[in-house]
Amino acid sequence: MSVKISVQNLTLMYSDGVESLHDVSIDIIANAVNVLFGPAGGGKSTLLRALNRLNDLADVDTAQGKIVFNEQNILDPATDVIELRRKVGMVFSRPAPLPLSVYENVIYGLRLMGERSKTLLDERVEQSLRQAVLWDEVYDRLNDPGASLSGGQQQRLCIARVLALEPEVIMLDEPTSALDPVSTAKIEGMLAELKERLTIILVPHNVQQAARTADYAGFFLQGRLVEYAPEKGLFLKPREKETQDYVTGRFG
Ligand SMILES: Nc1ncnc2c1ncn2[C@@H]1O[C@H](COP(=O)(O)OP(=O)(O)OP(=O)(O)O)[C@@H](O)[C@H]1O
Ligand SMILES: [Mg+2]
């Protein structure tokens, strides 16, 4: 196992004085599904945003500590944020296709980067849609609006859009919270395949999904990483009472 991203003593405070992450250290393991879970307000989304510097757009006041990715500290002001966001892609919980065709949705990022080759774009569309387990459903509708797809298809389209940039890491923040169980199962199955080629960070929408998908899991409570363990450790044999109460449904 190798470490893809190393978060070291990260403390993050919003400008209203809320400390949303407190001294968090966690290793994100390469080619694995890294699950971050816990009750509302625990800091999961804040951590994901920190990993591709989306917090720059929010009201973050101070960030202390380090986030090491490819031997560089992401928090360093000199970080090329555009490049970082290409390598560390983000998928949000509400699928938000752009008001464009299925095809153009997938290659949106590549177009922004100035890619012109029709052959490359065609190839990347098929490759990304296949990886997102959507190709078989849309190969004959590539010119239809993205918004004409079902909710579950739209979410996979958004995943394809991120995959088209060939990221090293893909972060998904409750990607199935608006989806039915069938679409949810498709996305979970896709993650199991994708981890062969890239690193996945998933904030699941419930404990069951956390237990189903995790190769590594961290439990977050009020800005602290309470506990972290490989595989089903946190769900079968939690060390901390807080984790146990949460995974057994006693609070949350
Ligand atoms: N832009 C912001 N400005 C100020 N405080 C914020 C901001 N975003 C989040 N917070 C605060 O930071 C803390 C962590 O929030 P965050 O959204 O990271 O939690 P979460 O674990 O993702 O929760 P949820 O499960 O509800 O999505 C909360 O106390 C929240 O109120
Ligand atoms: Mg969140």
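No lab work stands behind these numbers, since they all come straight from the coordinates. Bear in mind that the values here come from a model prediction, so they are computed numbers and not experimental data. For neighbour counting, all protein chains shown are included, and Cβ atoms are generated from backbone atoms with ideal geometry for every residue, glycine included.
As a test, work out the antiparallel percent of DSSP beta bridges whose residues both lie in the chain, rounded to the nearest 5. Intermediate values should be presented prior to the final figure.
On the way: 24 of 40 bridges.
Antiparallel: roughly 60 percent of the beta bridges in the chain.
Please name whichever of Leu165, Asn31, Val102 sits farthest to the positive end of the charge dipole of the chain, dipole taken about the Cα centre and charges placed at Cβ: Lys and Arg +1, Asp and Glu -1.
The listed residue farthest towards the positive side: Asn31.
Order these by the 10 Å Cβ neighbour count, fewest first: Arg161, Arg94, Arg141, Arg156. Show your work: numbers first, answer last.
Working: Arg161 24, Arg94 12, Arg141 15, Arg156 29.
Placing the least packed residue first, the sequence is Arg94, Arg141, Arg161, Arg156.
Could you compute how fast the stretch 166-252 diffuses translationally, taking Rh as the Kirkwood radius over C-alpha pairs and applying Stokes-Einstein at 25 °C with viscosity 0.890 mPa s? Give it in µm² per second. Don't jump to the answer; show the numbers that get you there.
On the way: Rh = 13.8 Å.
For these conditions, the coefficient is 178 µm²/s.
For Arg239, Arg250, which order do you get if you count the other beta carbons within 10 Å of each Cβ and list the fewest first? Walk me through the numbers on the way to the answer.
Details: Arg239 13, Arg250 10.
Ascending Cβ contact count within 10 Å gives the list Arg250, Arg239.
Between Ser177 and Lys232, what is the label-to-label distance in nm when each label sits 7 Å out along the Cα-to-Cβ direction?
Inter-label distance under the simple model: 2.7 nm.
What's the ranking of 164-173, 240-249 by average number of surrounding C-beta atoms within 10 Å, highest first? Before the final figure, lay out the partial values.
Working: 164-173: 21.0, 240-249: 16.2.
Ranked by mean Cβ neighbours within 10 Å, highest first: 164-173, 240-249.
For the chain, what number of Lys pairs, 8 or more residues apart or on separate chains, have alpha-carbon atoms under 23 Å from each other?
18
Under a plain spin-label model, where a point goes 7 Å from the Cα along Cα-to-Cβ, how far apart in nm are Ser25 and Gln127?
Computed distance between label sites Ser25 and Gln127 equals 3.8 nm.
Taking the Cα centre as origin and putting +1 on Lys and Arg beta-carbons and -1 on Asp and Glu beta-carbons, what dipole magnitude results for the chain, to the nearest 20 debye?
Values: 27 positive and 34 negative charges, 52 e Å.
In total the dipole reaches around 240 debye.
Using helices alone, what [θ] at 222 nm do you get for the chain, with -39,500 (n - 2.57) per DSSP H run of 4 or more residues, divided over all residues and rounded to the nearest 500? It would help to have the intermediate numbers written out before the result.
Details: 11 runs with 88 residues, N = 252.
The per-residue figure over the chain is -9500 deg cm²/dmol.
Counting other beta carbons within 10 Å of each residue's own, what order do Thr62, Thr199, Thr184 fall into, fewest first? Show your work: numbers first, answer last.
Values: Thr62 10, Thr199 23, Thr184 19.
Ordered by Cβ neighbours within 10 Å, fewest first: Thr62, Thr184, Thr199.
Tell me, in nm to one decimal, what length is gained between Ser2 and Ala40 on full extension, where the rule is 0.36 nm per residue of separation less the Cα-Cα distance? It would help to have the intermediate numbers written out before the result.
Working: separation 38, 0.36 × 38 = 13.68 nm, distance 2.99 nm.
Gain in length upon complete extension: 10.7 nm.
So how far apart, in nm, are the two label points at Glu137 and Gln222 if each is 7 Å from Cα heading toward Cβ?
Reported label-point gap for Glu137 and Gln222 is 4.1 nm.
Please find the FRET efficiency linking Arg197 to Arg250, where r is the Cβ-Cβ separation and R0 is fixed at 30 Å, and quote it to the nearest 0.05. Intermediate values should be presented prior to the final figure.
On the way: r = 38 Å, r/R0 = 1.27.
That gives a FRET efficiency of 0.20.
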